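One structure is given here, and the rest of the page talks about it.
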Amino acid sequence: MAKAFRSNDEMELFRAACCSFGIHLNTPQVEKFKMLLEMLLDWNKRISLTAITEPSKIVIEHFVDSLAPIAHGLLSEGISIIDVGTGAGFPGLPIAIALPTAFVALLDASRKKMTFLSAVREGIGLTNVELCHGRAEELARRHEHRESYDAAVARAFGRLDVVLECCMPFVKVGGRMIAYKGPGVFEELRFGEKAAMELGGIISNVLEFFLPTTDIKRTLVIVEKVKPTPPRYPRRVGVPQKRPIANLLK
């Protein structure tokens with residue numbers, strides 16, 4: 001591992017993959033990604049943060065994948081973003097590094113992961129990141145979070161209608177929700193379309209792409225917020241997962 005860091009192979013791979021994705025990072029930004037990689041690998045020895053432990057895979061399958069909405073023009077500088085169920089900080093941390101004038105809130109219920117995220121924020125100096133410890137179903141009902149963000153993002157969070165119920169209440173009317181998915185998302189779209197309409201949104205696009213340097217197919221589901229989410233959503237903690245909203249809609 002140390003030998004790889006000395007040669008900077010991962011960062012060269014990362015920079016090249018970003019360039020092929022249409023994302024051009026400056027040297028300080030690349031250095032922050034390197035620090036994030038080192039901290040992630042170190043902390044992962046103590047607490048479970050990622051099942052991917054090969055550095056070259058982390059930079060592509062976590063870092064570059066997280067930046068996909070930027071590559072497709074869906075997120076930009078100066079906006080407010082909430083990453084719902086951020087886990088080890090994906091996609092929120094890479095987005096915050098790549099868009100230094102964007103405000104990025106990282107939401108997760110795991111105190112251990114919040115401890116890691118706090119260490120990363122301080123260690124890397126991410127002044128545009130805020131940590132939100134709690135459940136999405138509860139925080140989305142608080143005034144300071146309800147329909148307060150230009151965008152919500154979620155990665156590896158669950159079935160599309162469950163993701164929508166936990167994310168859409170955070171998004172302003174006129175904003176958007178972006179769900180990171182794999183190629184199997186089309187099986188979920190019938191659930192997602194019903195849920196989106198119920199929650200004040202409409203699925204505007206489904207973007208398919210391959211991660212640079214790989215044959216891994218990924219998908220972004222983009223949902224535009226066209227009207228306020230009804231006050232009854234999200235339902236109480238655990239209910240969206242146990243009784244997905246699309247199953248209840250006729």
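The values are calculated or read from the model by the stated rules, or taken from the named source; none is laboratory data. Since this is a predicted model, take the numbers as computed values, not measurements. Cβ atoms come from the backbone with ideal geometry, glycine included; neighbour counts cover every protein chain shown. Accessible surface is based on the protein model in full, side chains and every heavy atom, while ligands, DNA and RNA are left aside. Shrake-Rupley method; radii C 1.70, N 1.55, O 1.52, S 1.80 Å.
Odds and ends about this structure:
- Out of SER80, SER76, SER110, sole residue that is of a type in the set (Gly, Ala, Ser), surrounded by fewer than 21 Cβ atoms within 10 Å (Cβ to Cβ), touching an Asp or Glu at 6+ places or on another chain (Cβ under 7 Å) and in contact (Cβ under 8 Å) with a residue 12 or more places away in the chain: SER80
- Note on the range 35-73: residues that are open to solvent by less than 10 Å² (accessible area, probe 1.4 Å) and not hydroxyl-bearing (Ser, Thr, Tyr) total 12.
Conditions tested, residue by residue: (1) in contact (Cβ under 8 Å) with a residue 40 or more places away in the chain; (2) open to solvent by 50 Å² or more (accessible area, probe 1.4 Å); (3) of a type in the set (Ser, Thr, Tyr).
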position: TYR149; (1), (2), (3): yes, no, yes
position: GLY158; (1), (2), (3): yes, no, no
position: LEU220; (1), (2), (3): yes, no, no
position: ARG232; (1), (2), (3): no, yes, no
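- Candidates ARG142, ARG176 - the one that is of a type in the set (Lys, Arg) and either out of contact with any Asp or Glu (no Cβ under 6 Å at 6 or more places or on another chain) or surrounded by fewer than 16 Cβ atoms within 10 Å (Cβ to Cβ) (or both): ARG142
- At least 3 residues being more than 25 Å from LEU13 (Cβ to Cβ) and not small (Gly, Ala, Ser) is the threshold, and among the helices (runs of 4 or more DSSP H) wholly inside the range 62-145 those reaching it are 111-124, 136-139.
- Selection of the range 146-167 for residues being of a type in the set (Phe, Trp, Tyr) and not in a strand (DSSP E or B) yields only PHE157.
Residues are listed down the side, and each one gets a yes or a no for (1) farther than 24 Å from GLU193 by Cα; (2) of a type in the set (Asp, Glu); (3) out of contact with any Gly (no Cβ under 7 Å at 6 or more places or on another chain):
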position	(1), (2), (3)
ILE97	yes, no, yes
THR101	yes, no, no
ASN128	yes, no, yes
LEU131	yes, no, yes
GLU137	no, yes, yes
ALA154	no, no, no
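- Here is the figure for the range 186-213: residues that are within 12 Å of VAL223 (Cβ to Cβ), in contact with a helix residue (DSSP H, G or I) (Cβ under 9 Å, 6 or more places away or on another chain) and either open to solvent by less than 10 Å² (accessible area, probe 1.4 Å) or small (Gly, Ala, Ser) (or both) total 6.
- Residues of the range 114-130 satisfying the condition of being among the hydrophobic types (A, V, I, L, M, F, W, C) and either closer than 19 Å to SER48 by Cα or buried (at least 20 other Cβ atoms within 10 Å of the Cβ) (or both): MET114, PHE116, LEU117, ALA119, VAL120, LEU126, VAL129
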